[in-house]
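All remarks here apply to the structure that follows.
The values are calculated or read from the model by the stated rules, or taken from the named source; none is laboratory data. As the structure is a computational prediction, the values presented were derived from the model and not from experiment. So basically every Cβ, Gly included, is an ideal-geometry build from the backbone, and we count neighbours across all protein chains shown. With ligands, DNA and RNA removed, areas are computed over all heavy atoms of the protein, side chains included. Shrake-Rupley method; radii C 1.70, N 1.55, O 1.52, S 1.80 Å.
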Amino acid sequence: MDRYQAFANSGVGRFVVGKLGLPSPYPLRRHSPTRPPLDGPVLLGGGGRLVGPLRAVLGAAGLDVASEPARAEERYGALVFDATGIDSVEGLRGLRAFFQPVIRSLGPCGRVVVLGTPPELTGSTDERIAQRALEGFTRSVGKELRRGGTAQLVHVAPGAEDAVESTLRFLLSGRSAYVSGQVVRVGPAEVEAPRDWDRPLDGRVALVTGASRGIGAAIAEVLGRDGAHVVCLDVPAQGEELSQVANRVRGSALQLDVTAADAPARIVEHLTGRHGGVDVVVHNAGITRDRTLARMDADRWDAVVAVNLASQQRVNEALLAEGGGVGALRPNGRIVGVSSIAGIAGNVGQTNYATTKAGVIGMVDALSERLAGRATVNAVAPGFIETAMTAAVPLLIREAGRRMNSASQGGLPVDVAETIAWFAHPASSGVNGNVVRVCGQSLLGA
Ligand code: NAD
């Protein structure tokens, strides 16, 4: 908890914050293996092609499902609405009719999930307009929710009704604590349900770059917790910290600079030689070298492009090289990029960084199409995450970054890691080509 958050949640602080209308950062409920995914039942509403599958998925995930509004004192853990049946502007009335009477009964850190059809896959003009309208509704709900609540829209393509389980388990739990106001797409896919939902990556191998600290270390920990053998990669100068992380997650360390000319070949050799291939590749290594454009020297520009974008592209091509298959990346593999909200919204002093982070989104677009059906490619776009990188930001800018989002606080590395673990999940084969922001619904960008 940062200092302002601790103050705002103290007795005096709550009073002062309320009186002055200051941001009120609620302590977010995160995943814990000893607690249920949500504090309270799920109220399921709406009516379309997803209601049946949803009931089954929510039950399998161990969530209590209610279909009738409960007693006034009952607190819901989540409100889930199947909006796929809305095919006209008039039908949008159903949103207000369901949510308005119950929104105040959503408990702390509650979840709102609206499920719709991707607008471009609808059957008529009326339906397309209505389905597109869901986005404005959901994003506004996210901004209105207090006390750590989140709201998302999930676009489920026709035929993907059975591919939503891993996504709903992620969104309806503390794993998505710092994800809000997002539109997620799930497409039709052959879904491989894990034998054990607590260790979905058992028997799989993951590579995480920049794993010695910060977000990368958290990704290694979460993928290791989920059962993967994690190959933790970082520069030789970070060797000691890297070994500590690798030991902690019972993985292995690979010391290497991803920008080195022989890096792609060495990575492929290591993964195929020691592990027979790789299932999950997370391109997390990244640097900033901020200067406004007028003062941007070529070294700063080149260094950022080399680490944050060019290396990923070269490593991907090396991993994918080999006939018509997916090379060292095994079938149903995962590639995950780490973008940034700077790559979506742009940022002063970060023309170099934002260029690379938008390029990561281009990588997702291109590769997700190229590898469709064989592997998935997605990215996270973190907002303000509490790490060494953001601790170096000047105080005032740091405070603005922390507060300018619906959660009024910075996220933790684990929030980014949990989102990546959802992409990495073997049952997430239908989650392809997504860029999901982990930013507490930051005011920056869309
Ligand atoms: P960090 O600086 O704490 O960690 C980055 C890691 O990458 C370090 O361990 C570093 O040694 C490693 N690395 C750098 N260059 C490398 C190279 N050439 N080869 C191998 N490893 C290399 O940063 P972080 O805050 O944990 O950020 C991780 C990722 O998240 C980065 O891609 C960053 O751009 C992105 N991101 C962070 C934030 C945030 O708020 N912290 C926000 C948006 C995006």
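Looking only at helices (runs of 4 or more DSSP H) that lie completely in the stretch 337-406, which have at least 1 residues being more than 21 Å from A211 (Cβ to Cβ) and modelled with pLDDT of 95 or more?
Qualifying helices (runs of 4 or more DSSP H): 342-345, 351-370.
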| From the set of residues in the stretch 228-245 that are over 14 Å from V278 (Cα atoms) and open to solvent by 50 Å² or more (accessible area, probe 1.4 Å), which is nearest to the ligand (Cβ to nearest atom)? | V235
| Out of all the residues in the stretch 363-388, which are open to solvent by 50 Å² or more (accessible area, probe 1.4 Å) and near the ligand (Cβ under 10 Å from one of its atoms)? | E386, A388
| task | Go through (1) open to solvent by less than 60 Å² (accessible area, probe 1.4 Å); (2) in contact with a helix residue (DSSP H, G or I) (Cβ under 7 Å, 6 or more places away or on another chain) one by one and return the number of the condition R75 breaks. | result | (1)
| field | Residue among R248, R300, R266, R289 that alone is of a type in the set (K, R), more than 10 Å from the ligand (Cβ to nearest atom), more than 21 Å from T390 (Cα to Cα) and touching a helix residue (DSSP H, G or I) at 6+ places or on another chain (Cβ under 8 Å) | value | R248
| query | With respect to V360, is the statement that it is over 21 Å from R111 (Cβ atoms), open to solvent by less than 10 Å² (accessible area, probe 1.4 Å) and within 12 Å of the ligand (Cβ to nearest atom) true? | reply | yes
| request: Hey, can you tell me all the residues within the stretch 97-128 that are in contact with a helix residue (DSSP H, G or I) (Cβ under 8 Å, 6 or more places away or on another chain) and either outside any helix (DSSP H, G or I) or open to solvent by 80 Å² or more (accessible area, probe 1.4 Å) (or both)? | output: C109, R111, V112, V113, V114, L115, G116, T117, P118, E120, T122, R128
| query | Counting only residues that are more than 13 Å from the ligand (Cβ to nearest atom) and in contact (Cβ under 8 Å) with a residue 40 or more places away in the chain, which one in the stretch 198-224 is surrounded by the fewest Cβ atoms within 10 Å (Cβ to Cβ)? | reply | D198
| task | Select from the stretch 330-357 the residues that are open to solvent by less than 40 Å² (accessible area, probe 1.4 Å) and in contact with a Gly (Cβ under 7 Å, 6 or more places away or on another chain) and list them in ascending order. | result | V338, I341, A354, K357
| remark: Expected single match for at pLDDT 95 or above and β-branched (V, I, T) among V65, V57, V114 is V114
| field | Extreme residue, least open to solvent (accessible area, probe 1.4 Å), among residues of the stretch 252-263 that are more than 10 Å from the ligand (Cβ to nearest atom) and over 22 Å from V304 (Cβ atoms) | value | S252
